[in-house]
Amino acid sequence: MVGSEEREPAWDVLVIGAGFSGLYQLHRLREEGFNVHLFEAGADIGGIWHWNCYPGARVDSHVPNYEYSLETVWQDWNWSERFPDWKELRRYFAHLDAKLDLSRDISFGKRVVGAEFDESTREWAVTTADASIARARFLVPCLGFAAKAYVPDFAGLDRFEGPCHHTGHWPQDGVDLEGKRVGVIGTGASGVQVIQETGPIASELVVFQRTPNQALAMQQRALDAGSQPVPNDELRGYFRTRQISGGGIADIVPDRRRAVDVDPDERDAVFEAAWQRGGFHFWGGTFSDISMDETANRMAYAFWRDKVRARLGDPTLREKLAPTEPIHPFGTKRPSLEQTYYEVYNQDNVTLVDVRETPIEEVTETGVVAGAHHYQFDVLVLATGFDSGTGGLTQIDIRGTQGCTMADFWADGVKTHLGIAVPGFPNLLMLYGPQSPTAFWNGPTSAEVQGDWVVDCLIHMRDNGVTRVEATDAAAEAWSEHIREIAAGSLLPQADSWYMGANVPGKRRELLFHPGVPDYMKRCNAIAAKGYDGFECA
Ligand code: N01
């Protein structure tokens, strides 16, 4: 271990974060002969799946998409559900560790709090919460997009006397919700899962909803060794397809026709087939104009709305959960996957509070006041999301060549080259960051595809004796302009979403992710082919 007292040789590469991206970097770079190490804040590998253990937490990408394509890992691994829960994902990471022997090069409990580029040595000096300093030539943050929880500034929140937890910081030994009066604030992916799980066991459940989730049918299925969705002898081909697919999921392929050109029966048949396939098929696997064209988008919305309304008994609930008119275009906020989410609202013990009508006024010792009603709770769940995309990076005191932090540098808007490098921050290459596809890309696919690009870049630098690489300001300006153009041509800006940075008060409103994976990778590969165009190498 590198301590503040001793000056040990710097690592070639220091990776931050032991989720899918970080572990892949560690594995590949080690294979390529780099002297690489990984710092992880948590006590184990898994990234978000190390932290996520709130009731109902499970992944929204169907297997076998949500795993590495490494044969040594998949050859003797079977999933027990089409959409595995957090416990199974932890077992998967343990399997990964056993296969790839990752932990030996990881320091756990190492929360990176600062990093400063030393121009004289061309190294990063990285400070961790235990006040030790480590040095590395290259720094590769793999923080995920949800490393910083967002907790709204509710008056009196700290007064609440019962257990009160954000979903991203759920206690690892759990919280007993059985027979309890539970309040849940937020109906994003995390909220939907908690609500669905808690409704049947709580004595009372009150949901504070600001925006209805356009939740899609998961179509969960139990699996065993004989019923894996893709047999092992087809997995190689499946993973090859996954690498070049839109959202990094091999079998979600949009219909090339425009919804508006198809006759209504045929259109409904396409929608229904996608609905029955479940998961994100209805989001990404119907017509290609849904994300661009308002009329097409309304057709998808109407199909979704009517499906949901058919499951709700009370007309008021129907209008609250699946409004006649969409609050934002379909799919411009991340739809969640659900199994019994809507049925839960038909239960007598479940109440929906629309905070657009009756805002949360304050949190008290025993509950929440909204619309002059005092709701009493034993447990309060904050499913209020994350400072997504940028928060994980800007909460670290990362200082580049101009002495300013990344947070300062992005004060007037995020500026990166390919969502991988930032001018003024040499030798820093980030994975799953802002201005790359990230939120629109299946995590493990991105970890490998974007990850291989970064590994190739580092090999290129090593082979050419480059000890300092920095994105140019012009390249980053052009990339940011490219992201702005994409936003302008899509429906995404119409939603107050975390894709747009619009979920955190005061955060700049801008598209934080590149929504077109194939185009993104084409551009990344073209830049590499031109000898890393837009990067200054020394
Ligand atoms: O967070 P969110 P999340 N008063 O930001 C509400 C991934 N993920 O943790 O929509 C009242 O989506 C807010 O309301 P509104 C996945 O990519 C994946 O659920 O802003 N309410 C919203 O309803 C996901 O998309 C998985 O109007 C307030 C909720 O809180 C992403 O992480 C599981 C409020 C926040 O929803 C984030 O999901 C979990 C306020 N002041 C997460 N402030 C799986 O793969 C916020 N809200 C399954």
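Worth pointing out:
- Candidates in the range 222-248 are the residues that are modelled with pLDDT of 95 or more and among the β-branched types (Val, Ile, Thr); of these, the one that is surrounded by the fewest Cβ atoms within 10 Å (Cβ to Cβ) is 241.
- Among the residues examined, residue 478 does not qualify as of a type in the set (Gly, Ala, Ser) and either crowded, with 23+ Cβ neighbours inside 10 Å or within 16 Å of the ligand (Cβ to nearest atom) (or both).
- Residues that are within 16 Å of the ligand (Cβ to nearest atom) and among the β-branched types (Val, Ile, Thr) within the range 24-66 comprise 48, 59, 63, listed in sequence order.
- All told, residue 325 falls short of being under 29 Å from the mean Cα position of the chain (by Cα), open to solvent by 10 Å² or more (accessible area, probe 1.4 Å), under 23 Å from residue 193 (Cβ atoms) and in the same structural domain as residue 307 (by TED's automatic domain parsing).
- Condition check for residue 251: open to solvent by 70 Å² or more (accessible area, probe 1.4 Å) and either in a helix (DSSP H, G or I) or modelled with pLDDT of 95 or more (or both): no
- The single condition among (1) in a helix (DSSP H, G or I); (2) more than 16 Å from the ligand (Cβ to nearest atom); (3) under 19 Å from residue 382 (Cβ atoms) that residue 238 does not satisfy is (3).
- Evaluation of residue 184 against (1) within 15 Å of the ligand (Cβ to nearest atom); (2) within 24 Å of residue 150 (Cβ to Cβ); (3) in a loop (DSSP other than H, G, I, E, B) (one fails), failing number: (3)
- Residue check, residue 376 among the polar types (S, T, N, Q), touching a residue at least 60 places away in the same chain (Cβ under 8 Å) and assigned by TED's automatic domain parsing to the domain that holds residue 198: yes
- Residue identified as part of a loop (DSSP other than H, G, I, E, B), under 26 Å from the mean Cα position of the chain (by Cα) and away from the ligand (no atom under 16 Å from the Cβ) among 174, 179: 174
- Residue 427 out of contact with any helix residue (DSSP H, G or I) (no Cβ under 6 Å at 6 or more places or on another chain), assigned by TED's automatic domain parsing to the domain that holds residue 510 and closer than 19 Å to residue 522 by Cα: no
- Hey, residue 283 assigned to a helix (DSSP H, G or I), of a type outside the set (Lys, Arg), closer than 16 Å to residue 82 by Cβ and open to solvent by 10 Å² or more (accessible area, probe 1.4 Å) or not: no
- Residue selected from the range 377-393 under the condition within 12 Å of the ligand (Cβ to nearest atom) and in a strand (DSSP E or B), by the criterion nearest to residue 437 (Cα to Cα): 386
- Total residues in the range 377-430, condition in contact with a Gly (Cβ under 9 Å, 6 or more places away or on another chain), on the phi > 0 side of the Ramachandran plot and open to solvent by 10 Å² or more (accessible area, probe 1.4 Å): 1
- Some residue of the range 58-70 being hydrophobic (A, V, I, L, M, F, W, C), touching a residue at least 60 places away in the same chain (Cβ under 8 Å) and within 15 Å of residue 83 (Cα to Cα): yes
- Scanning the range 505-524 for residues that are over 16 Å from residue 415 (Cβ atoms) and in contact with a Pro (Cβ under 9 Å, 6 or more places away or on another chain) gives 505, 515, 516, 517, 520, 521.
- Residues of the range 337-376 that are closer than 17 Å to residue 199 by Cα, within 14 Å of the ligand (Cβ to nearest atom), open to solvent by less than 10 Å² (accessible area, probe 1.4 Å) and not charged (D, E, K, R): 337, 341, 353.
- Contact annotation: residue pairs with Cβ atoms under 6 Å, 6 or more positions apart or on different chains, pairing a residue in the range 82-94 that is within 13 Å of the ligand (Cβ to nearest atom) with a partner that is of a type in the set (Phe, Trp, Tyr), are 86/49; 89/49.
- Selection of the range 269-282 for residues being closer than 20 Å to residue 340 by Cβ and of a type in the set (Phe, Trp, Tyr) yields 275, 280, 282.
- Close pairs (9 angstrom Cβ cut-off, 6 or more residues apart or separate chains): at positive phi in the range 234-254, part of a loop (DSSP other than H, G, I, E, B) anywhere: 248/61; 248/65; 248/437; 248/441; 248/442
The values are calculated or read from the model by the stated rules, or taken from the named source; none is laboratory data. Since the structure is predicted, the reported quantities are computational estimates derived from the model, not experimental observations. Here Cβ is always computed from backbone atoms with ideal geometry, including for glycine, and neighbour counts include all displayed protein chains. Note: accessible area is taken over every heavy atom of the protein model, side chains too, but ligands, DNA and RNA are not part of it. Shrake-Rupley method; radii C 1.70, N 1.55, O 1.52, S 1.80 Å.
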